[in-house]
Amino acid sequence: MKRYFKAARVLVLWLTVFSCCSCGVEGTWKLPGGENGSLSEGSSNPAETKEAGLAEGQEGSWENRENGEKTAPWQYVDTAMGTVIRQTIYGTEETAAAFSAEVMALLTEMESSELSWRLESSEVYRINAAAGKKDGCALSEEMAQLLQSCMDLSEKAEGAFDVTLGPVSRLWNIDKWAAVTDGEDFKPPLPDAIREAVSLCGSSRLRLEKGVSPRIFMPEGMQLDLGAVGKGIALSRLCELLEKQTEIAGAVISLGGSILTWGSKPDGSVWKVGIVNPFDTASNIGILSLEGKWCISTSGDYERYVEVNGVRYHHILDPLTGCPAVSSVRGVSVLSQDGFSSDGLSTACFILGPEKGMALAAEYGAEVLFVMDDGEIIMSDGMKRYFKAT
Ligand code: ADP
Ligand code: MG
């Protein structure tokens, strides 16, 4: 058993994971502000690690969240993909230990071999390094499909979503600033630099060659940033992992602001997922009650930002301006059967706002909830079946 503990390197953190228990909602998951990580950072965010109370090299343990005893559901907290990973697993201790280690291994592998723009070992790194090359870059089947989905979303979202925003997101580097300072040393990039970076982006200039040996061709200077969809894709992979095993009855796994619910609880009660209040990130504006498998992603301007002289520079960038999106939306949550859609749509809908965002979500069969800057909650009809304001 010990070896599982070591392999998982996890720590149970009750108060952090289930701070909602204090408001008496059993098994509620909240989406705390500042939790969303940047996949593009390529490594665990020290601020988040600190927030989760994880110490370097600390050996993990796990226990029941309700009584600290060794009974299900098992709780794990760790970091990967630059964010805090929380797992609640209903199964035997041994199964849960093995599964949680598998989850961490999968996430670490996805980051290092596929999605990170920082790690030389990743496919995205190789693609970016080949920008401007005449022969482009060979792609795995999965990456070709993912990029096609990104291009489709970009088109449907009228350019509000753009995975080629790498030059702009690196110029702002909001994730770094949000993590390491209180903002006093932050200086927004100069307009010329922003214009130059924007000129290098644009999904419509990305060329994919499909077939048995897919290839991508990117103009010089263009760089992929899959930060807006990486955690969502990971949710779908985790779901496949869960579906392959027979010993786990139910699980909730959150990767920062993207959450997977799967299966059921032994007592048959529903999953409860809290939607964070953008005006007070320690509380929820309401709860989603969900049965079985769902992916829920939240994007907001309160997640990662730096504030200078009353101006909030956040991490959701408008591809048109190359600047943090100016929006009357404070937070968007998307509910979908599929992680790519929930994650990608939450970013796109933040920029598009309720009217266009709702129409876009409908194209993906997803439900969406907007929290506006005046506190109004606007949601799709389908979302009303699951959401209850607190
Ligand atoms: P998080 O990654 O914190 O969960 P999001 O899913 O909303 O939050 O994604 C934000 C990240 O996506 C940014 O950190 C950046 O890497 C990237 N990004 C920002 N704006 C856009 C955009 N308009 N289209 C695509 N990706 C974006
Ligand atoms: Mg997203």
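Quick one: with all protein chains in place, what share of the accessible area of the range 123-217 is carbon or sulfur, to the nearest percent (1.4 Å probe)?
Here carbon and sulfur together make up 51 percent of the probe-accessible area.
When the convex hull of the C-alpha atoms of the range 225-350 is computed, what volume per residue in Å³ does it have? Provide the component values of the computation, followed by the final result.
Numbers: hull volume 13.5 nm³, N = 126.
Looking at the range 225-350, the number lands at 107 Å³ per residue.
Just grab the label-to-label distance for Glu142 and Arg118, each label 7 Å out from Cα along the Cβ direction, in nm (one decimal).
Between Glu142 and Arg118, the label points sit 2.1 nm apart.
Would you mind checking the pairs Lys156/Lys231; Lys356/Lys388; Lys176/Lys293; Lys210/Lys244; Lys133/Lys231; Lys265/Lys388 and listing those with alpha carbons more than 26 angstrom apart?
Violating the 26 Å limit, Cα to Cα: Lys176/Lys293; Lys210/Lys244; Lys133/Lys231.
Give me the net charge of Gly292's neighbourhood, meaning all other residues with Cβ under 13 Å from the Cβ of Gly292; Lys, Arg count +1, Asp, Glu -1.
So the environment of Gly292 carries a net charge of 0.
Ala282 to Thr92: extension gain in nm, 0.36 nm per residue of separation minus the Cα-Cα distance?
65.2 nm
If I take every Cα pair under 8 Å that is 6 or more residues apart in the range 191-342, average their sequence separation and divide by the length, what percent do I get for the relative contact order?
Values: 223 pairs, mean separation 31.9, N = 152.
Relative CO of the range 191-342 lands at 21 percent.
The values are calculated or read from the model by the stated rules, or taken from the named source; none is laboratory data. Model, not experiment: these values are computed from the prediction. Don't worry about glycine lacking a Cβ; one is built from the backbone with ideal geometry, like all the others, and counts go over all protein chains shown. Just so you know, the surface numbers come from the protein's heavy atoms only, side chains and all, with ligands and any DNA or RNA stripped out. Shrake-Rupley method; radii C 1.70, N 1.55, O 1.52, S 1.80 Å.
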